[in-house]
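**Student:** If you scroll down you'll find the structure; I have some questions about it.
The values are calculated or read from the model by the stated rules, or taken from the named source; none is laboratory data. All figures in this text were calculated on a predicted structure; none of them were measured in a lab. Note: ideal-geometry Cβ built from the backbone for every residue, glycine included; neighbour counts use all protein chains shown. Calculation scope for accessible area: heavy atoms of the full protein, side chains included, ligands and nucleic acids excluded. Shrake-Rupley method; radii C 1.70, N 1.55, O 1.52, S 1.80 Å.
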Amino acid sequence: MREVPLQKDVKTQKKLKVTSLTKTRKRSDYLWAYLMIAPTMLGLFIFYLWPIIQTFYYSFTEWGAFGQYEWTGLDNYKRMLGDLNLLQSFKNTGIYIIFTVPVGIFLSIIVAVLLNQKIKGKSIYRTLYFLPVITMPAAIAMVWKWIYNADYGLLNYLLSLVGIKGPHWVSDPNIALYSIIVVAIWSGIGYNMVIFLSGLQGIPKMYYEAAEIDGAGPFRVFFKITLPLLSPVIFFVSIMSLIGAFQVFDLIFMMIGKGSTAIESTQSIVYLFYQHAFVLNEKGYAAAIAVLLLIVILIITAIQMVLQKKWVHYE
């Protein structure tokens, strides 16, 4: 009768030892996990979070010579209310977004669908479409600036062959922004195409086989099967494209000269930020513009997250 409690005590001690060992192993696993992600988290804090905090703080300051600044409160934000250049830059950025995002996504989907078919040399076509993505934006801008040149550019030369006098593509305020939009769409198709290709290859083939048995045509298959099942990828690309379009700078900086008559009709929000931060040395006001841009992007992204419930279809 006395051996039974002793056996229970031994079993209890063994369970406690196992439990303690399990907890120790978990702590060790957590410790190693945190150590492994520590460099990435440190990099995120130093290069992303801390600059955001600094920018938000500097938006309430006014900078002088030799890096000196003073606290000015909401003066920079009050100044933005009457800044016509800021309003114009928002207008230019809005026009840029309206054209580049939907048109770029539509063309990328079409190219991805075509290159997802069984055609000869599709690897070559995929490479050609993706080449602009790995090309430096400065190189793309310089090549297109030569193509758009009003005097000896390739585009105006081709137009002259059919008796048409080409306009000043990058110096005419009425069409300069649309010339940049064409370049942006062309250079962005390859990146989105790769993402859409991965989404298309993830769609089960049984849906297409069932549609073929039912006698559905290619257009019906595209709108009834491909687009609904590709909607999560379209949603992701739309968010990334919208954020990227808000940050357009390099094409404008490289293709439109500082003294060009078209600079006011083409400058984006980020270009205006560059002007105030690095040309006019108004870093406080530039920081306020950056904060405003961040808020606008967050609001539009939040709206997209809410609206995606109505049109994004997950399997």
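**Student:** I'm checking my understanding of the structure. Among residues of segment 199-232 that are of a type in the set (G, A, S) and over 22 Å from A245 (Cβ atoms), which one is surrounded by the most Cβ atoms within 10 Å (Cβ to Cβ)?
**Tutor:** Within segment 199-232, the subset of a type in the set (G, A, S) is 199, 202, 210-211, 215-217, 231.
Remaining after also requiring over 22 Å from A245 (Cβ atoms): 202, 210-211, 215-217.
On the way: G202: 12, A210: 12, A211: 17, G215: 7, A216: 15, G217: 8.
Filtering segment 199-232 for residues that are of a type in the set (G, A, S) and over 22 Å from A245 (Cβ atoms), the one surrounded by the most Cβ atoms within 10 Å (Cβ to Cβ) comes out as A211.
**Student:** Let me ask something else. Please find, among N85, N76, the residue that is touching a residue at least 40 places away in the same chain (Cβ under 8 Å), in a helix (DSSP H, G or I), open to solvent by less than 90 Å² (accessible area, probe 1.4 Å) and touching a strand residue (DSSP E or B) at 6+ places or on another chain (Cβ under 9 Å). If you could, list the steps in order and put the result at the bottom.
**Tutor:** Numbers: N85 fails: touching a strand residue (DSSP E or B) at 6+ places or on another chain (Cβ under 9 Å).
From the options N85, N76, the qualifying one is N76.
**Student:** Moving on to the next point. State yes or no: is Y191 without any contact (Cβ under 8 Å) to a residue 60 or more places away in the chain, over 21 Å from S265 (Cα atoms) and of a type in the set (F, W, Y)? Steps first, please.
**Tutor:** Details: without any contact (Cβ under 8 Å) to a residue 60 or more places away in the chain: no; over 21 Å from S265 (Cα atoms): yes; of a type in the set (F, W, Y): yes.
Taking the combined requirement at face value, the residue does not satisfy it.
**Student:** Ok, one more. Here's a check for you: in segment 284-315, which residue that is assigned to a helix (DSSP H, G or I), touching a helix residue (DSSP H, G or I) at 6+ places or on another chain (Cβ under 7 Å) and modelled with pLDDT under 90 is surrounded by the fewest Cβ atoms within 10 Å (Cβ to Cβ)?
**Tutor:** This residue is W311.
**Student:** On to the next question. Can you tell me which residue is least open to solvent (accessible area, probe 1.4 Å) among those in segment 164-177 that are touching a residue at least 24 places away in the same chain (Cβ under 8 Å) and more than 20 Å from the chain's Cα centre (by Cα)?
**Tutor:** Taking segment 164-177 as the starting set, the residues that turn out to be touching a residue at least 24 places away in the same chain (Cβ under 8 Å) are 170-174, 176-177.
Retained after the next criterion (residues that are more than 20 Å from the chain's Cα centre (by Cα)): 170-174, 176.
On the way: V170: 24, S171: 45, D172: 46, P173: 58, N174: 118, A176: 0 Å².
Across segment 164-177, the extreme among qualifying residues is A176.
Listed here are the residues, each with its yes/no results for (1) in a helix (DSSP H, G or I); (2) modelled with pLDDT under 90.
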{"position": "I109", "(1), (2)": "yes, no"}
{"position": "K120", "(1), (2)": "no, yes"}
{"position": "I124", "(1), (2)": "yes, yes"}
{"position": "A141", "(1), (2)": "yes, no"}
{"position": "S179", "(1), (2)": "yes, no"}
{"position": "V182", "(1), (2)": "yes, no"}
{"position": "Y191", "(1), (2)": "yes, no"}
{"position": "V194", "(1), (2)": "yes, no"}
{"position": "L197", "(1), (2)": "yes, no"}
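**Student:** Have a look at L115, L161, L131 and point out the one that is open to solvent by 60 Å² or more (accessible area, probe 1.4 Å) and farther than 28 Å from Y271 by Cα. Let's see the steps before the verdict.
**Tutor:** Details: L115 fails: open to solvent by 60 Å² or more (accessible area, probe 1.4 Å); L131 fails: farther than 28 Å from Y271 by Cα.
Selected residue: L161, the only one of L115, L161, L131 that is open to solvent by 60 Å² or more (accessible area, probe 1.4 Å) and farther than 28 Å from Y271 by Cα.
**Student:** Can you tell me which residue is nearest to A290 (Cα to Cα) among those in segment 48-73 that are open to solvent by 70 Å² or more (accessible area, probe 1.4 Å), part of a strand (DSSP E or B) and modelled with pLDDT of 85 or more? Steps first, please.
**Tutor:** Residues of segment 48-73 that are open to solvent by 70 Å² or more (accessible area, probe 1.4 Å), as a first pass: 48-50, 52-53, 56-57, 62, 66, 68-71.
Now restrict to residues that are part of a strand (DSSP E or B): 62, 69-71.
From the residues that got through so far, the ones that are modelled with pLDDT of 85 or more too are 62, 70-71.
Details: E62: 15, E70: 19, W71: 18 Å.
Checking each candidate, the answer is E62.
**Student:** Ok, one more. Scan segment 143-158 for residues that are surrounded by 15 or more Cβ atoms within 10 Å (Cβ to Cβ), without any contact (Cβ under 8 Å) to a residue 40 or more places away in the chain and not in a helix (DSSP H, G or I) and report the count. Lay out the reasoning, then the answer.
**Tutor:** Kept after step one, since they are surrounded by 15 or more Cβ atoms within 10 Å (Cβ to Cβ), are these residues of segment 143-158: 144-145, 147-150, 153, 155-156.
Now drop any that are not without any contact (Cβ under 8 Å) to a residue 40 or more places away in the chain, which leaves 147, 149-150, 153, 155-156.
Adding the requirement that they be not in a helix (DSSP H, G or I) leaves 149-150, 153.
Residues flagged as surrounded by 15 or more Cβ atoms within 10 Å (Cβ to Cβ), without any contact (Cβ under 8 Å) to a residue 40 or more places away in the chain and not in a helix (DSSP H, G or I) within segment 143-158 amount to 3.
**Student:** Mind checking which residues of segment 26-47 are under 30 Å from G284 (Cα atoms) and either in contact with a helix residue (DSSP H, G or I) (Cβ under 6 Å, 6 or more places away or on another chain) or surrounded by 10 or more Cβ atoms within 10 Å (Cβ to Cβ) (or both)?
**Tutor:** Narrowing segment 26-47 to residues under 30 Å from G284 (Cα atoms): 40-47.
The answer is M41, L42, G43, L44, F45, I46.
**Student:** Examine segment 250-264 for a residue that is under 30 Å from Y148 (Cβ atoms), in contact (Cβ under 8 Å) with a residue 40 or more places away in the chain, open to solvent by 30 Å² or more (accessible area, probe 1.4 Å) and of a type in the set (S, T, Y), and state whether such a residue exists.
**Tutor:** yes
**Student:** What do you reckon, is F106 within 24 Å of the chain's Cα centre (by Cα) and over 23 Å from I269 (Cβ atoms)? Outline the logic, then answer.
**Tutor:** Working: within 24 Å of the chain's Cα centre (by Cα): yes; over 23 Å from I269 (Cβ atoms): yes.
Criteria met by F106.
**Student:** Within segment 267-274, does at least one residue satisfy the condition of being more than 25 Å from I105 (Cα to Cα) and either surrounded by fewer than 13 Cβ atoms within 10 Å (Cβ to Cβ) or of a type in the set (K, R) (or both)?
**Tutor:** Restricting attention to segment 267-274, the residues satisfying the condition of being more than 25 Å from I105 (Cα to Cα) are 272-274.
Subsequent filtering for residues that are either surrounded by fewer than 13 Cβ atoms within 10 Å (Cβ to Cβ) or of a type in the set (K, R) (or both) retains none.
Checked segment 267-274: no residue is more than 25 Å from I105 (Cα to Cα) and either surrounded by fewer than 13 Cβ atoms within 10 Å (Cβ to Cβ) or of a type in the set (K, R) (or both).
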